[in-house]
Amino acid sequence: MDIKGSVVVVTGGGSGIGKALCERFHAEGAEAIVVADLNREAAQSVADSLSGVAFGVDVRDESQIAKMVEDVIEQFGRIDLFCSNAGIIAGDGPQWWATSAPNSVWQAMWDIHVMSHVYAARACLPSMIERGQGYFLNTASAAGLLSQIGDAAYSTTKHAAVGFAESLAITHGDDGIKVSVLCPQAVDTPMIQSVEAGGVAGVDGVATPQHVADCVVAGIKEERFLILPHPQVDQYRGAKTANYDRWIGGMRKLRRAYPKPEL
C-alpha cells in the first residue's frame with residue numbers, strides 16, 4: 001500500500017507511537033490524517049500541526065468509534081488505513097503474582113487491546129469490503145508473541161490482539177483487506193516511562209517512536225503482516241516455537257535477573 005493520497009485514522013494518536021505515525025504518514029503525503037485520542041487536547045495539537053482532523057475518542061466505547069468512522073467517511077468519502085494503536089500498561093503489582101492485577105485492570109486491558117480492534121474493524125469493514133480494499137494496522141506488542149514479564153494482563157491481551165489480527169487477515173484477505181500487526185519491544189513513550197525505564201522489555205534497547213513509524217511505513221508498503229521494529233523478536237519467536245519448555249526456562253531466568261518495577 002502507498003500511503004500517499006490515503007485517508008488515515010490513528011487511535012492513540014496524541015502521543016508516543018501514535019503521534020509518530022501521524023507525523024510519518026503526513027510526511028508520506030497522506031491526503032488526510034485523523035488523530036483520535038482519549039485526550040482530546042493532545043489529539044487536536046497533533047492534528048493542528050499536520051493540518052489534520054482531531055477526535056476525542058474513548059476506544060472502549062464502540063459507539064464512539066463507530067461515530068468517528070461514520071464522520072470520517074462522510075467528510076472524506078473513505079478510510080484507507082485504520083491504525084488501532086491505543087494502549088495501556090499497568091504491571092501485575094504487589095504481590096507480583098500472575099493474578100495480582102485487579103479485575104478492573106484486566107477489563108481495561110481487554111477493552112483497549114482487543115475489543116477496540118474489533119470495534120474498529122466492525123465499523124470499517126462494510127465500506128472497505130464494498131470498495132474491495134482497505135488496510136488495518138493493529139498495534140500489539142512483542143509481548144503478544146513472547147511475554148511481558150511482570151504484566152500478565154498486558155501479555156494475555158496482546159496475545160489476543162495478535163490472534164484477532166490473524167483472524168482479520170485470514171477471513172477478509174479475499175475481500176481485498178490487508179492487515180499488519182505491529183509488535184515492538186520497548187519504545188520511548190510516556191506509557192513505558194510510567195512503569196519502568198525499559199526494564200525487561202528494554203533488554204534489546206529502547207526504540208524511538210520515529211524508528212517504529214519508519215518500520216511501519218516500510219511494512220505497509222510491503223504489505224507485511226508482522227512488523228517488528230526490534231528484529232531480535234523474530235529470533236526469540238523461533239526459539240519459543242522450537243522448544244517451548246526451554247523458552248519458558250529462559251524467561252524465568254530473565255525474570256530473576258530484573259528487579260520488579262516500582263509503580
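Based on the Cα atoms of segment 27-92, what semi-axes does the equivalent ellipsoid have, where each is the square root of 5 times one gyration tensor eigenvalue, given in whole Å with the largest first?
21, 15, 12
Averaging sequence separations of C-alpha pairs under 8 Å and six or more residues apart, then dividing by the length of the chain, give the relative contact order as a whole percent.
Once divided by the residue count of the chain, the mean separation gives 18 percent.
Can you compute the modelled spin-label distance between residue 166 and residue 191, with each label point 7 Å from Cα toward Cβ, in nm?
Result for the modelled spin labels: 2.1 nm.
Compute the longest continuous run of the chain that contains no exposed GluC sites (Glu not before Pro); treat a site as exposed when its DSSP state is not H, G, I, E or B and it has at most 11 other Cβ atoms within 10 Å.
So the longest stretch without any such site is 1-222.
Would you mind counting up the charge near residue 243? Only other residues with Cβ under 15 Å from its Cβ, with Lys and Arg at +1 and Asp and Glu at -1.
+4
Taking 25 °C and 0.890 mPa s as the conditions, I'd like the Stokes-Einstein D for segment 7-257 in µm²/s, using the Kirkwood hydrodynamic radius from alpha carbon pairs. Before the final figure, lay out the partial values.
On the way: Rh = 18.3 Å.
My calculation gives 134 µm²/s for D.
Between residue 45 and residue 234, how many nm apart are label points set 7 Å from Cα along the C-beta direction?
About 3.6 nm, to one decimal.
Grab the beta carbon distance between residue 67 and residue 251, set R0 = 41 Å, and tell me the FRET efficiency rounded to 0.05.
0.45
Could you tell me how many cubic angstrom of Cα convex hull volume segment 44-182 has per residue? Mind dumping the intermediate values first?
Numbers: hull volume 15.6 nm³, N = 139.
Taking only Cα atoms, segment 44-182 has a hull volume of 113 Å³ per residue.
Checking the table 19/178; 158/178; 4/158; 158/253; 19/253 against a 27 Å threshold on Cα-Cα, which pairs fail? Could the numbers behind the result be given before it?
Values: 19/178 22 Å; 158/178 20 Å; 4/158 30 Å; 158/253 22 Å; 19/253 35 Å.
Long pairs (Cα-Cα over 27 Å): 4/158; 19/253.
Would you mind getting me the FRET efficiency between residue 243 and residue 129? Use the beta-carbon distance for r and R0 = 45 Å, nearest 0.05. Walk me through the numbers before you get to the answer.
Details: r = 41 Å, r/R0 = 0.91.
The computed FRET efficiency comes out at 0.65.
What FRET efficiency do you get for residue 58 and residue 204 if R0 is 35 Å and r is their Cβ-Cβ distance, rounded to the nearest 0.05?
Efficiency, from the Cβ-Cβ distance: 0.60.
With runs of 4+ DSSP H residues as the only contributors, calculate the mean residue ellipticity of the chain at 222 nm using -39,500 (n - 2.57) per run, divided by the residue total and rounded to the nearest 500.
That comes out to -15000 deg cm²/dmol.
Measure off 7 Å from each Cα along the Cα-to-Cβ vector at residue 224 and residue 100, then give the distance between these two points in nanometres to one decimal.
Distance between the two pseudo-spin positions: 3.5 nm.
Each reported figure results from applying straightforward, stated rules to the coordinates on display, with no laboratory input. Predicted model only: the values in this text are computed from it and were never measured. We place every Cβ from the backbone using ideal geometry, glycine too, and count neighbours over all the protein chains shown.
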